[in-house]
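Before any comments, here is the structure.
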Amino acid sequence: MNTGTFMVLGIMVGVIIAALFLSRKAQKKECEYDEMQLKIRAKGYQIGFYTALFLMIVLILLCELNCLTVVTPGFAVYTALIICVTVFAIYCILNDAFLAIRGKANRYFMMFGMVVALEGFVFVRSVMDGKVLEDGKLTFGSGAPAVMAVCFLAILITLAVKTVRNRKEADE
Amino acid sequence: MKNLKLKAARAAKDLSQEQLAQLCNVSRQTINAIEKGDYNPTINLCIAICKALDRTLDELFWNE
């Protein structure tokens, strides 16, 4: 197994641990989201699922037509999954179902800001080290942080815009 | 359709959307969506709102 496989395995284990941690935390806090938010989140999961389905079909077609020349299939799948999560998050943010009933956006600004900064730093460092491309293909080690940084930046910007709008709306 | 009766009842009680949301254990955005007519609440939430505003279901949610 190469480094990329270990990285994917590491990410998967991390995601599973985070999911277990979050589900336990969610069970402890009753009624974290209200009925409207739960309805919107359900729709968000549906949109995320269909996005995944669409991207997977596109990826299969690209692979079959030998058009996937810039990235490896594994990296393309990883990117598709991150895009699905981003679509879900942005849909929830835009429809006021991302933050829990008494959730504060500040905590998320810090968390997402840190992710963007760290992932951006890793990408910039790999560009400076000249490790972005390997055999003419984008490497997982440099591509993954770039994808993460871009997606989290999109989420961060959406959250910022929505927070400002909500504050204005609350003041009116 | 906008729920102006709810908005008026909330204003009569001198409550902000945020305060009413806290009383009903929902987000402010949910109260805003109900007032704007963008969200149709469940009977449980309607009852919670009525209790918070000391009104009946008919007074707040019945349209002739």
Of all residues in segment A:62-97 being in a loop (DSSP other than H, G, I, E, B), at pLDDT 90 or above and not aliphatic (A, V, I, L, M), the one that is farthest from residue A:49 (Cα to Cα): A:96
Considering residues of segment B:1-11 that are in contact (Cβ under 8 Å) with a residue 40 or more places away in the chain, part of a helix (DSSP H, G or I) and among the aliphatic types (A, V, I, L, M) only, the residue farthest from residue A:33 (Cα to Cα): B:9
From the list B:10, B:55, which one is charged (D, E, K, R) and away from chain A (no Cβ under 14 Å)? B:55
List the pairs whose first member sits in segment B:20-48 and is more than 7 Å from chain A (Cβ to nearest Cβ) and closer than 14 Å to residue A:33 by Cβ, whose second member is in a loop (DSSP other than H, G, I, E, B) and among the small types (Gly, Ala, Ser), and whose Cβ atoms are under 6 Å apart, counting only residues at least 6 apart or on separate chains? B:21/B:27
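The values are calculated or read from the model by the stated rules, or taken from the named source; none is laboratory data. Quick caveat: nothing in here was measured; it's all calculated off a predicted structure. Ideal geometry is used to build each Cβ from the backbone, glycine not excepted, and the neighbour counts take in all protein chains shown.
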